[in-house]
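The structure appears right after this line, and notes come after that.
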Amino acid sequence: MAAPIDTLRHIETPEGIELSLRVAGPVARILAWNVDSLIRYGALWVMLMALAVLGKGGLGLWLIILFLAEWLYPAVFEVYTGGATPGKKVLGLKVIHANGTPIDWPGALIRNLLRAVDFLPFLYGFGLAAMLCNRDFQRLGDLAAGTLVIYRDPPTAAPQLPPGPALPPPFPLSSAEQQLLIDFAERSATLNPERQAELANLLAGQTGLYGVVGVERLCAYARWLAGEET
């Protein structure tokens, strides 16, 4: 049977945490490169116009800036802004090590310095060929640095406690029990009323309350434990 066409990869970090990552293909990466090129060369053009008034000295300074922008622009952004250049941010991409850890300076420098090889013979010919021959779409720089370009997970909204009064629990709770109570209150909106009441009834021995009233009381305790004022 043929392997499924899927860019989802499952890896285990050095800490033993299993991650599911969506590897980015050539199209998204080319679009991100185009965005970065517009930003980089647009800024360089503005600088050239500004420094031209300084004559040869200004041109020399601009050449230094051109060299630094050409070689360090991607690496600086990848190391200091969560693995993404502005172009990658626009496309929802980021660079990580193949073991799931954030990219560091050695990895960023290796993959970006080898862009010169990937670019050969013209317009990333070798790089594109390497990506199409690799199930993780790694160009030569990625293979040398041990890096992947993946899609960033969209941000998830933090769970919210249901609104209402806050009351201190009349009985002592361990840290784990406090967290369980807060988790119950945060998840209560995703549970049907019968299930909420069923769970609240498990603590009826402590609260003396059953059903909807018991649920509301547990949520009040959770709000107080989360720091809300009575």
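The values are calculated or read from the model by the stated rules, or taken from the named source; none is laboratory data. Since the structure is predicted, the reported quantities are computational estimates derived from the model, not experimental observations. Here the Cβ positions follow ideal geometry from the backbone for every residue, glycine too, while neighbour counts run over all protein chains shown.
Within the range 189-204, residues that are closer than 22 Å to P169 by Cβ reach partners that are polar (S, T, N, Q) with beta carbons closer than 7 Å, at six or more positions or on different chains, in the pairs Q196/S188. Determine if the range 158-179 includes at least one residue that is modelled with pLDDT under 85 and within 23 Å of L8 (Cβ to Cβ). There is no residue in the range 158-179 that is modelled with pLDDT under 85 and within 23 Å of L8 (Cβ to Cβ).
Elements of the type helices (runs of 4 or more DSSP H) sitting completely within the range 54-115 and holding at least 3 residues that are without any contact (Cβ under 8 Å) to a residue 40 or more places away in the chain: these cover 56-80, 105-113. Only one entry in Q179, Q196, Q138, Q206 is touching a Leu at 6+ places or on another chain (Cβ under 7 Å) and polar (S, T, N, Q), namely Q138. Is it the case that some residue within the range 62-71 is within 33 Å of the chain's Cα centre (by Cα), modelled with pLDDT of 90 or more, aromatic (F, W, Y) and under 23 Å from G146 (Cα atoms)? Checked the range 62-71: no residue is within 33 Å of the chain's Cα centre (by Cα), modelled with pLDDT of 90 or more, aromatic (F, W, Y) and under 23 Å from G146 (Cα atoms).
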